[in-house]
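To start, the structure under review is shown below, and the notes come after it.
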Amino acid sequence: MSTAAAVVPARPVRRGWLAPAGPSLWVGMIGILTIAVLAALAPLIAPYDPTALALGKGLTPPSAAHWFGTDQLGRDILTRVLYAARIDLQIGTIGVLIPLVMGAVIGLFAGYYAGWPDALLGRVIDVVTAFPFLVLVLAIVAMLGPGLRNFYIAISLVSWVAYARIVRGEALSVRGRGYILAARSLGFGDLRIMFRHLLPNVIVPALVFGMSDFVLDILAGASLGFFGLGVQPPTPEWGVMIAEGRNFIITAPWVVIFPGVAIIVTSFFVSLIGDNVSDLVRRVRAA
Amino acid sequence: MFPISCAGSVRPNATLRVEQLTVVFRGAGRPVVRGVSFEIAPGETFGLVGESGSGKSLTCRAILRLLPRGAKAGGRVTYGGRALLELTNAEMQALRGSTIAMIFQDPMTALNPVLRVGDAIAQVIASHEGVGARASRKRAIDMMARVGIRDAPRRAASYPHEFSGGMRQRIHIAMALAARPTLLLADEPTTALDVIVQAEILRLLDDLRREHGMSLLLVSHDFRVVAGLCDRLGVMYGGELVEMGPARTVLHHPQHPYTIGLMNSLPEAVAGRGRLQAIPGSPPDPEHAPPGCVFAPRCALAVSACTEAPVPVVETSPGHSSRCLRIDRLGELRPALVGADRSGA
Amino acid sequence: MLLVAEHLTKTYAHRRGWSTPPGRDRGRDVRPALADASLSLERGESIGIVGESGSGKSTLARCLALLDRPDAGRVLLDGVELTRLGAGSLRRSRRRIQVVFQDPYSSLNPRLTVGSALSEVLLVHRLVPRHRIGRRVAELLDQVGMPARAADRYPSDFSGGQRQRICVARALAAEPEVLIADEPVSALDVSIQAQILNLLADLRTQLALSVIFISHDLYVVRYIAPKIGVMFGGRIVEVLPEGVPLEQARHPYTQALLNSRSRLDPGWLAESRDLATDLTSSLPATGCPFRERCPRVFAPCRDVDPPAVDIGHGHLVACHYVTNSYGGSARA
């Protein structure tokens, strides 16, 4: 057959989601993994029962017996922080996953077909984003009643819009690319093109956004806890712990410091991962 | 506000001399332009031909010191006796546009989209020739008419996006020539244009060149384009000048395997008989080029001596030189395009 | 007849502001991108389409491949009217007309390995039993001159010429009868173009493919296909069948093209004559699209779009001047 097509590179270039990145990616991933492991093992490693009251020992400062001190009801804060990690990681994960999937699918359809589906989606996005995020979530939870399950419903109903907008934007620009046209000319069905060809190439910015959304969801949970509409006592949750302890900020600061630090540390690790993913997007785009 | 240049400091019959020009990118491997030497006599047209990675565009830009960030030029470039690489930024600035001008493949690199074209051209005139606003406007309109824009007085008030590609290129040329430079560098000026428009732009460049007594350096990837216009040709590959000589002899009696291979691979070469003779492999990345002859990996005549050391320039006939150790064996490549006019083939 | 296109017309609507009714462009009618284009190909016959940008050649390619639905006209493949098919049957028929696009850099999904991209075609159209897919992929790669190892690599590991070969392999995977190549070598270096042209010419003979080769480069078109169609302003203005050399072209635009084309002969510029100039930015709304640049323009050109007329042996010309000089008797 015709003249040689020249040498195929011998060394395969590293592909995949974990392209060589700086140490910060590893720090982030190990950090989150550590927190997740600690949360999972909470029943085994926590020194006390998270709901055990000891009214006589309320507001004791950190000591050998209670590393993080006790809260106003005498409950061990370290234990509660560990147990709360399970709830908060769950809030962050589910609060991102459900809207991500919903929004990505809707955005994908809208971006691929353009025309009226896209116009319709555009109007829906406009309406939802006209309301401040938290106000809307609060309103929905207030209607449905407090509790974690209703919180998830509310977050999903409000958050999906952001993901849809991101994915739709990317899809609108990628749908004109050569390989999408080629896929059509090869006789591939719309669904196949959308999910196998379009989706992998448009999803990454949504994932990056998901990282920061993770943190926002935890904070949203905390805000709801503040109003008593979130996780119900006695279940521990970092945000609720801070909200409940707000009266003791001066007198017994450890009640709010430790759950606060937990939120900060978790957010930090997540944001490290997010930074690296967005770096990856940039590098992939440039290629 | 507009500095007055010293356009008169270079005589119109100046020669451009490029000696051992190199361009290196900071932190990179080998220079992407290596040891390029050529001359352009006053009023002469010189064509620089090459594919991507050949370094032809960088060579062109190095003359005007318009290299991208991180690139450094070495060697010696003189024009009318002045050493261009050693001038200060201000002196170079004064030369650009007034003495040496450049036109690009995409006219939008030169045309400010928010400026009316008449104003854009007038600015060039005013800044380099110290002429007043009304006079420069009039000259701008004259220039537009000269490059073939119909109804120039009215069209001078239009914006670049209101013109087609070919007309924008004409306006670009008008801007470049407005201050009457004596040397014009043209980097792929017709590549983005259609066939008929291409011929017109080339014709325009040729006419203007004669009128103004300019020298012209025409950079292109297309042999056919430079064939029409150029007195002398240089062929670049992988950062080096591999062959150079009068256009007629380079086209009809090429003396380098790459030139021969390139011409053999053009569809005219077979004229309906059999397959094209393609050059195997792909053009190299000049930063990672091997020592020795840069074309050796793709050359059918290569021997071990070709890869060991840089190949010296050999003069094969007066004014015609080639960088090849195997010139005596070129006949084996059966150049298919020697001789006759190809226009009917 | 394998492929027949009849009177294809396509207009792209420009989205003007709210106040501009569709079809109007600042008070002038929008010129269709493709107007009344017809062509026919026997099995195994190839045709080259020459045109500059804006001539409608890419629109023609897209309509022939049914990537865009023409506003009028029909496309028939082996007697089946593709323009009438519903989405499902159309998708299945697509296999038979494949396209190789101009830009090899964006035509391949960057996230799929070469092997995945090729096997996907085989899977979707169920062309090969699953256990034979690997072997077929290797065969396809070999057919386009790529090593079998390429199947595990991603497109970004390859050069432009190599990527274009992969695109050709992907098109061949569908086992098409018609291959439309839309400027397949324009984005490649000159020394690589010949490799791809040779490949296409070889495949055309080996697989008895009908190739529709579209380019702005006259030389390249002539190398690939003996029959040539010339497009201007959305119309096919001339068709030169096999046996009629380019030099016998009759349409003023084709002649201008021949005269203006750059060639390897030093001094061609001085010899070429000014037959047409491009001093206008847009095409006239009525009559012959070439009339504002044509040296032969006369009265009928302004109002009536010249029809394509056979002036002998399948040589079609759409020009009042040419057909009038034949006294109209060529309409036989």
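Where a number appears in this text, it was derived from the coordinates with a stated rule and is not lab data. Model, not experiment: these values are computed from the prediction. A quick note on method: Cβ atoms are made from the backbone with ideal geometry, for glycine too, and the neighbour counts reach across all protein chains shown.
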If amide H atoms are modeled at 1.01 Å from N in the peptide plane, then the residues at a separation of 5 or more from B:Thr15, or on another chain, having amide H under 5 Å from its own are B:Gly80, B:Gly81
Taking the Cα atoms only, what angle lies between the long axis of helix A:148-174 and the longest principal axis of chain A, rounded to 10 degrees?
30 degrees
Shielding of B:197-206 by partner chains, average beta-carbon count, 10 Å:
5
20 Å binning of all Cα-Cα separations within the protein assembly as shown, expressed as whole percents from 0 upward:
12, 34, 33, 16, 5, 0
Largest first and to the nearest Å, give the Cα extent of segment A:130-287 along each principal axis.
69, 35, 26
Distance histogram for chain B (every C-alpha pair counted, 10 angstrom bins, percent rounded to whole numbers)
5, 24, 32, 23, 12, 3, 0
Checking rank on C:220-227, B:200-207, with mean other Cβ inside 10 Å and highest first, the result is C:220-227, B:200-207
Amide H contacts under 5 Å for C:Gly48, restricted to residues at least 5 apart in sequence or on another chain and with H modeled in the peptide plane, are C:Phe213, C:Lys227, C:Ile228, C:Gly229
Starting at the first residue of segment A:62-69, write each ³J(HN,Hα) from the Karplus equation 6.51 cos²θ - 1.76 cosθ + 1.60 with θ = phi - 60°, in whole Hz, x for Gly and Pro.
x, 8, 5, 6, 10, 4, 9, x
Rounded to the nearest Å, the spacing of the alpha-carbon centers of segment B:144-194 and segment A:38-85 is 79 Å
Once the piece of chain linking A:Leu157 and A:Ser173 is laid out straight, how much longer is it, given 0.36 nm per residue of separation minus the C-alpha distance between them?
3.2 nm
Rounded, prolate or oblate: which one fits chain A, using the alpha carbon gyration tensor with axes a ≥ b ≥ c (rounded when a/c is under 1.5, else prolate when a/b beats b/c, else oblate)?
oblate
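Pull out a ≥ b ≥ c, the square roots of the eigenvalues of the alpha-carbon gyration tensor of segment C:96-163, then state rounded if a/c is under 1.5, prolate if not and a/b is larger than b/c, and oblate in the remaining case.
prolate
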Percent antiparallel among DSSP beta bridges (both partners in chain C, rounded to 5)
60 percent
Alpha-carbon centroid distance for the pair segment B:40-78 / segment B:287-308, whole angstrom:
24 Å
Starting at the first residue of segment C:184-201, write each ³J(HN,Hα) from the Karplus equation 6.51 cos²θ - 1.76 cosθ + 1.60 with θ = phi - 60°, in whole Hz, x for Gly and Pro.
x, 10, 5, 8, 10, 5, 4, 6, 8, 4, 4, 4, 5, 5, 4, 4, 5, 5
What Kirkwood Rh does segment B:116-189 have if only Cα atoms enter the pairwise 1/r average? Answer in Å.
12.2 Å
How large, in Å, is segment B:235-333 by the Kirkwood hydrodynamic radius built from its alpha-carbon pairs?
14.0 Å
Nearest 10 degrees, 0 to 90: what angle lies between the long axis of helix B:165-177 and the longest principal axis of chain B (Cα atoms)?
80 degrees
For every helix of n ≥ 4 consecutive DSSP H residues, a contribution of -39,500 (n - 2.57) applies; sum these over the protein assembly as shown, divide by its total residues, and give [θ] at 222 nm rounded to the nearest 500 deg cm²/dmol.
-12500 deg cm²/dmol
Specify whether the C-alpha gyration tensor of chain C places it in the rounded, prolate or oblate class, a ≥ b ≥ c being the square roots of the eigenvalues: rounded for a/c under 1.5, otherwise prolate if a/b is larger than b/c and oblate if not.
prolate
Over what distance in Å are the Cα centres of segment B:88-135 and segment A:129-156 separated?
61 Å
Between the Cα axis of helix A:254-286 and the main Cα principal axis of chain A, the angle (0 to 90°, nearest 10) is 10 degrees
DSSP bridge pairs, the protein assembly as shown: antiparallel proportion in percent, nearest 5
60 percent
